[in-house]
1. Suppose we keep just the alpha-carbon trace of region A:154-237; what are its Rg and Dmax in angstrom?
2. Only helices at least 15 Å long along their own axis, judged from Cα atoms, and with Kyte-Doolittle mean hydropathy of -1.0 or greater: name those in chain A from DSSP H.
3. Of all the accessible heavy-atom surface of region B:106-233, with the other protein chains kept in place and a 1.4 Å probe, what percent is carbon and sulfur?
4. Region B:1-39 to region B:156-178: how many Å between their Cα centroids?
5. Expected output is a single nm value to one decimal: the length gained when fully extending between B:LEU228 and B:VAL81, i.e. 0.36 nm times separation in residues minus the C-alpha distance. What is it?
6. Given a 1.4 Å probe and no ligands, DNA or RNA in the count, how much accessible surface is buried by A and B, both sides, to the nearest 100 Å²?
7. Take region B:17-121, drop everything but the C-alpha atoms, weight them equally and run the Debye formula without solvent; then report log10 I(q)/I(0) at 0.10 Å⁻¹ to two decimals.
8. Using a Cα-Cα cut-off of under 21 Å, which lysines could be cross-linked to A:LYS159, ignoring same-chain neighbours fewer than 8 residues away?
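The values are calculated or read from the model by the stated rules, or taken from the named source; none is laboratory data. Source: prediction; values computed, not measured. Positions of Cβ are generated from backbone atoms using ideal geometry, with glycine treated the same way; all protein chains shown enter the neighbour counts. Heavy atoms of the whole protein, side chains included, go into the accessibility calculation; ligands, DNA and RNA do not. Shrake-Rupley method; radii C 1.70, N 1.55, O 1.52, S 1.80 Å.
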Amino acid sequence: MMNLEIKGLYKSFEDISLFRNFSINFPEGEITCILGPSGCGKTTLLNIIGNIIRPDSGILNGFDGKVISYIFQDPRLLPWKTVRGNIEFVLNKNLPAEKRKEITGHFIKLVELEGFEDFYPGKLSGGMRQRVAIARAFAYPSDIILMDEPLKGLDIKLKLNLIQTFSQIWQSDRRSVIFVTHDVDESLLLSNEIVVFSRAPVNILTRQKVEMPLTNRSPDSEYLKRLKQILLNNLGT
Amino acid sequence: MLVIWKILAMHFGSDFVLPPPEKTFFTTFKLFTDSHFLAIVGSTLIRSIIGFIFSGILGMGLGIIAGINPLFNAFLRPVLVTIRSTPVIALILLALIWFTPGSVPVFIAMLTMFPFICTNVTDGIRSVDRELVEMAQFYRAGRKRIIREVYIPAIIPFIISGTSSAIGFGWRAIITGEVLSQPEYGIGTLMQNAQTFLNVDAVIAWTIVAVIIGYMFEKVIRWSEHKLIAWRF
């Protein structure tokens, strides 16, 4: 498989240099987690990949022509559209209505929101809203999914639930995912590989593969506990 | 209220000061059957609708520009505040000099209503959630769809609340305008005539008609609110 690659990246905001000759690659078809302290430039990197902000200099290989979907910390649903309407919003208007309905229905089913198709976001719980956001990201015909702290602020039960949902959909789809978080446990449960970032300017402190099937991971497993210790040591906490 | 009215009417004992409620209601009822009733109410309604349409166009036009351009907004705000704090009566007196009797109430309606619509549209645009717009851009929704499916639905509640206050003030201002400008047909004209001849029961009867119509406007707005922003309920 081809890699998504960033080489010689420079980016600074005013006096703060976030990236100085920074390079990283992301294997395609995998979930790569970027783990690092708050404010280290993780979100900036996502925005550079998503072509929302320009780097000062640097080369991005393999991203050309790639379509990207996003899962944000807030679900960012349109309050005046129903669950179905919110997912349809990202679909191409040129698709026949039948086809759109089919795609929407498929993903609503995958995130277990059947029966809630005609609900407005205001009537849903926080976890359900984030599931709509997940369905929207997968329904969009993208090559890459970027996730910026999608589980922040949710309680542990909901987190595990969403991770489970996400993993199941991802298994059947295998899109490239870049997942940013500052939470070690989240990174262990929802990634194939974890890249630990330092404070700005960013260095890669370590890169760890998580050799374990994605679904049904338990935070109590010895393997993950050992891995967690390695990550924590690198983060310096 | 009716009891107090009745007691007061009995106390004064004169139809020229305060006619008893039953007489007033009879007069009101007689109004409905008057052959000119529709022409009178219709004229006032048409004036208010024309005034409302003009103020809607002007208010939305300026409101949208001000919502997009902060500089224009900074210029417009004091103008709107001035218009809003000018007594309606002063505007009417000026309008009487400038316009024909029939168009004075329309002008007044427009002037009292458009600032409400304008400020609400501006506030609506400025309150649109940046994060939602960003989301739509990330998903490459395109300019047209972002306007139609993100901006407009977000602004509609503001337009409705602006319309609601605009009509409340505008309706009263139109009748005041008619009282002073005396167009051939109009609720205000008839009120003024009744007052001249000390037909107090007719003054109150026309007031009741005006209140009923104002109430109906309010109902229509509430109804359209439920239709247009169903997601809020």
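1. Answer for region A:154-237, Rg first and Dmax second: 13.0, 37 Å.
2. Values: long enough: A:97-110 (20 Å, -0.72); A:126-139 (20 Å, 0.20); A:156-171 (22 Å, 0.22); A:222-235 (20 Å, -0.29).
Membrane-span-like by this rule: A:97-110, A:126-139, A:156-171, A:222-235.
3. On the way: 3760 of 6030 Å².
Whole-percent figure for carbon plus sulfur exposure: 62.
4. If you average the Cα positions of each part, the centres end up 28 Å apart.
5. On the way: separation 147, 0.36 × 147 = 52.92 nm, distance 2.92 nm.
The span from B:LEU228 to B:VAL81 would gain 50.0 nm if fully extended.
6. Details: alone 11890 and 13720 Å², together 23660 Å².
Protein heavy atoms only, the A-B interface buries about 2000 Å².
7. -0.43
8. A:LYS159 reaches A:LYS42, A:LYS109, A:LYS123, A:LYS225, A:LYS228.
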